[in-house]
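Let me begin by presenting the structure, written as structure tokens, before commenting on it.
The values are calculated or read from the model by the stated rules, or taken from the named source; none is laboratory data. Model, not experiment: these values are computed from the prediction. Note that we place each Cβ from the backbone using ideal geometry, even for glycine, and neighbour counts take in every protein chain shown.
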Amino acid sequence: MNIVVAMKQIPDLHQIRMRDRQPVLDDVPLTLGNIDKNALEAAVHLRDTHGGKVIALSAGSEELEDTIKEALAAGADEAFMILDDSLDNADSSVIAAVLAATIRKINDVDIILFGEGSGDNYSGQVGSRVAGILGLPQVGYASSMEVQGNSAIVTRSLEDGEEILEVELPVVIAVMADINEPRIPSVSQILKAGRKPQEVLELDDLAIEILEEPVVTESNLAPETPRKQVVVKSVDELIAVLRTEGVIGR
Amino acid sequence: MNFNLTKEQLLIQKMARDFAERYIEPVAEQIDRENKIPDEIIEGLAALDLFGIPFAEKYGGADGGYDGYVLAMEQIGKVSGGVAVTISAHSLALGAISTFGNEEQKVKYMTPGCQGQHILSFAFTEPGTGSDPKQITTTAVKDGDYYVLNGTKRFISNANFPGAIVIFARDNESGKITAFIVEKWTEGYTVSEPWDKIGQHGGQLLDVYLKDVKVPVENVLGGPGMGYPILQLGISFGKVGVSSTALGAILAAYEETLKYSKEKMHRDSSIAKFQAVQLRIADMAIKYEAARWLTYRFGCLANEVKDPRQFAKEAALTKTFVCETAVDAARVAMDIHGSYGLMNDYKVARIYRDAIIGPQIEGVSDMQKMIIAGVALSSY
């Protein structure tokens, strides 16, 4: 069984500093998204149970050749990378087109795994878009999964309960962060990661047309909520103010 | 000159940090209290190759170099000095076998050690001497295909784990010091209860009693009478681990200080706003960076030792600076914590008790300075 895990190269969120309400990304090391690592762990578990191989798939700037070693150390058997500097900040539709075209090239894929959202923008669109382009069924919010014969049994974690679906392979599945705890790779696995098979593609290698990006990200900041800055000196006064504001006593 | 870590080095550092934070930190206080590392931590360290980072893959190691070793050890040492010093002492013995052992010895004794099934020991110190070979009283008497060892070894790390122990003894015939690879728990090998030492709990020190311990002739390490060179170079390699452990303590002291100075309020303001606190934080930042790059450089030097005497000097100066700095940093961290720093409920108290061990082990600081001065003066 061949499993593709789509993984996004992002700046290490722990090391980003803010200046003038903008993230400072200079010299911030790149890593792979956290939930993408959950998807990889799920894939490695399936491979260890059913055999086959795990292919890490990612599109991004040339630093990706280094970043992808994280996936290869953590259990991926090989990697496909599409390298272009424009891809690090590309729109979801562009990334989906690039990934889908590459998956077609890989061929013979049974399961395509995504993290529910990327570590930086968390738009959560790429998995659905790839499924749409490839004409495959797609399951989101997966909290567990197993494969039986030619089907995947996927538990979806929804707000008001769980839903268990049986889906025929090949399928696109987006996993939640709580599906597992990604393993910590050993020193040997880290040092051998760079020696695993890696296929590097450029945009020209893919028969796709990149349209002008329809979505422009203006800001990733949380919306500012204006504060009323009311100062109270007693609990009674606080209750009175909250009542006036309609926060309590309705 | 390039001070950037490679992706692999960054991943080794992150691996050790993740393991330390996820698995060791929750039991670090328990390790300190019980002076014992839980089995599952030992198993976890073994699974990540942390017992064999710098050693060759053909002997069970990870081939990660001493540069990879320092990066991992700093992160382990930051969370638990006792766990780090256990790996350090084990790696000291492995380093001696790796450098001076023959092929058969390396395969037989390094492989289970690098894989963490065995935890090795290095036994030079005796009740009467810490580093003077002339005062070694443990004896080795040749009897056919065996040597018979008798004596007492003091403050020996990991002496109660299974595995090999490198023992230094005076050859009765030549009067010279010879190193032997002995399998712990062989007949006549017994140990004391662990010493109740001030810090680095979990890293147990025991006395080893040798009563007519029979060691096959083929277990002589490096040849008869080679004990002193093995001690010198072996201890130099051992200082990589001790320095990295102390570096972790500096980082821990520094981070605890940053955290506490922002949390602790005085008259509606965090104490981090006070210049007196800021100056101490700046001093710690300066010293941490200096210690860090000195230790990382030491790791790189250990990968390819060209001149054992020069390497002994580099080892001595790094170990002295980093271990002394760890004590300074822990002391300043306690100052920032005020009376709370004296309480065992606060991590900084443990950091201090761990740090103060460093300047005393694997050669006290004054002895290190004599090595440094000796090499410096002789090569001028």
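Inspection of the stretch A:47-63 finds no residue satisfying the criterion of being touching a residue at least 60 places away in the same chain (Cβ under 8 Å), in a loop (DSSP other than H, G, I, E, B) and out of contact with any Pro (no Cβ under 6 Å at 6 or more places or on another chain).
Among the residues of the stretch A:56-68, write down those that are under 28 Å from B:Ala47 (Cα atoms) and within 14 Å of chain B (Cβ to nearest Cβ).
Residues of the stretch A:56-68 under 28 Å from B:Ala47 (Cα atoms): A:56-57, A:64-68.
Scanning the stretch A:56-68 gives A:Leu64, A:Glu65, A:Asp66, A:Thr67, A:Ile68.
Out of curiosity, is B:Phe55 closer than 12 Å to B:Gly113 by Cβ and within 12 Å of chain A (Cβ to nearest Cβ)? Step through it out loud before you land on a result.
Values: closer than 12 Å to B:Gly113 by Cβ: yes; within 12 Å of chain A (Cβ to nearest Cβ): yes.
In short, yes.
Scanning the stretch B:1-15 turns up one or more residues that are of a type in the set (Ser, Thr, Tyr) and either over 23 Å from B:Glu256 (Cα atoms) or away from chain A (no Cβ under 13 Å) (or both). Number of residues in the stretch A:205-240 that are assigned to a helix (DSSP H, G or I) and either among the β-branched types (Val, Ile, Thr) or under 30 Å from A:Ile103 (Cα atoms) (or both): the value is 3.
Going through the stretch B:44-62 one residue at a time, which ones are over 18 Å from B:Ser244 (Cβ atoms) and not in a helix (DSSP H, G or I)? Reasoning before the result, please.
Of the stretch B:44-62, the ones over 18 Å from B:Ser244 (Cβ atoms) are B:44, B:46-47, B:56-60.
Across the stretch B:44-62, the qualifying residues are B:Ala56, B:Gly60.
Among the strands (runs of 3 or more DSSP E) contained in the stretch B:125-186, which hold 3 or more residues that are within 22 Å of B:Leu94 (Cβ to Cβ)? Give the steps one after another, and end with the answer.
Working: elements: B:139-143, B:146-157, B:164-171, B:177-183.
Answer list for the stretch B:125-186: B:146-157, B:164-171, B:177-183.
Those residues that are surrounded by 21 or more Cβ atoms within 10 Å (Cβ to Cβ) and not aliphatic (A, V, I, L, M), I need them from the stretch B:223-249; list them, please. Within the stretch B:223-249, B:Gly227, B:Gly234, B:Ser236, B:Phe237, B:Gly238, B:Lys239, B:Gly241, B:Ser243, B:Ser244, B:Thr245, B:Gly248 qualify. Here is a check on your reading of the model: is B:Ala28 in contact with a strand residue (DSSP E or B) (Cβ under 7 Å, 6 or more places away or on another chain), hydrophobic (A, V, I, L, M, F, W, C) and away from every other protein chain (no Cβ under 12 Å)? Spelling it out, it is not the case that B:Ala28 is in contact with a strand residue (DSSP E or B) (Cβ under 7 Å, 6 or more places away or on another chain), hydrophobic (A, V, I, L, M, F, W, C) and away from every other protein chain (no Cβ under 12 Å).
Among the numbered conditions (1) in contact with a Leu (Cβ under 8 Å, 6 or more places away or on another chain); (2) modelled with pLDDT of 95 or more; (3) over 14 Å from A:Ile68 (Cβ atoms), the only one that A:Val44 does not meet is (1). If you go through the stretch B:43-66 and keep only what is within 16 Å of the chain's Cα centre (by Cα) and under 19 Å from B:Gly81 (Cα atoms), you end up with B:Leu45, B:Leu50, B:Phe51, B:Gly52, B:Ile53, B:Tyr66. The single condition among (1) surrounded by 11 or more Cβ atoms within 10 Å (Cβ to Cβ); (2) of a type in the set (Lys, Arg); (3) assigned to a loop (DSSP other than H, G, I, E, B) that A:Arg243 does not satisfy is (3).
Given the condition more than 13 Å from chain A (Cβ to nearest Cβ), out of contact with any Gly (no Cβ under 6 Å at 6 or more places or on another chain) and farther than 23 Å from A:Ile190 by Cα, answer yes or no: does some residue in the stretch B:42-49 qualify? Before you say what the answer is, go through the steps one by one.
Going residue by residue through the stretch B:42-49, those that are more than 13 Å from chain A (Cβ to nearest Cβ) are B:42.
Next, only the ones that are out of contact with any Gly (no Cβ under 6 Å at 6 or more places or on another chain) stay: B:42.
Those still in the list that are farther than 23 Å from A:Ile190 by Cα too: none.
No, the stretch B:42-49 has no match at all.
Of the residues making up the stretch A:143-177, those that are under 19 Å from the mean Cα position of the chain (by Cα) and touching a residue at least 60 places away in the same chain (Cβ under 8 Å) are A:Met145, A:Val171, A:Val172, A:Ile173, A:Ala174, A:Val175, A:Met176, A:Ala177. Within the stretch A:214-225, is there a residue that is touching an Asp or Glu at 6+ places or on another chain (Cβ under 8 Å) and of a type in the set (D, E, K, R)? Looking for residues that are touching an Asp or Glu at 6+ places or on another chain (Cβ under 8 Å) and of a type in the set (D, E, K, R), one finds none in the stretch A:214-225, hence no. In the set (1) surrounded by 21 or more Cβ atoms within 10 Å (Cβ to Cβ); (2) part of a strand (DSSP E or B), B:Gly77 fails one condition alone, (2). A search for C-beta distances below 6 Å between a residue of the stretch A:69-86 that is more than 14 Å from chain B (Cβ to nearest Cβ) and any residue that is among the polar types (S, T, N, Q) and surrounded by fewer than 23 Cβ atoms within 10 Å (Cβ to Cβ), counting only pairs 6+ apart in sequence or on different chains, returns A:Asp85/A:Ser61. Given the condition among the β-branched types (Val, Ile, Thr), more than 17 Å from the chain's Cα centre (by Cα) and within 28 Å of B:Ala302 (Cα to Cα), answer yes or no: does some residue in the stretch B:212-227 qualify? Yes, the stretch B:212-227 has at least one match.
The residue of the stretch B:294-352 that is farthest from B:Ser365 (Cα to Cα), among those that are among the charged types (D, E, K, R) and buried (at least 19 other Cβ atoms within 10 Å of the Cβ), is B:Lys347. Residues that are part of a helix (DSSP H, G or I) and surrounded by fewer than 16 Cβ atoms within 10 Å (Cβ to Cβ) occur in the stretch B:266-275; there is at least one.
Just give me the residues in the stretch B:58-90 being without any contact (Cβ under 8 Å) to a residue 60 or more places away in the chain and either under 28 Å from B:Val327 (Cβ atoms) or more than 12 Å from chain A (Cβ to nearest Cβ) (or both), in sequence order.
Step one: of the stretch B:58-90, the residues without any contact (Cβ under 8 Å) to a residue 60 or more places away in the chain are B:58-64.
Scanning the stretch B:58-90 gives B:Lys58, B:Tyr59.
When the residues of the stretch A:12-46 are filtered to those that are within 13 Å of the chain's Cα centre (by Cα) and assigned to a strand (DSSP E or B), the one that is surrounded by the fewest Cβ atoms within 10 Å (Cβ to Cβ) is A:Thr31.
Would you check if A:Leu25 is within 14 Å of another protein chain (Cβ to nearest Cβ) and among the hydrophobic types (A, V, I, L, M, F, W, C)? It would help to see each step written out before you state the result.
Numbers: within 14 Å of another protein chain (Cβ to nearest Cβ): no; among the hydrophobic types (A, V, I, L, M, F, W, C): yes.
Judged against the criteria, A:Leu25 is not a match.
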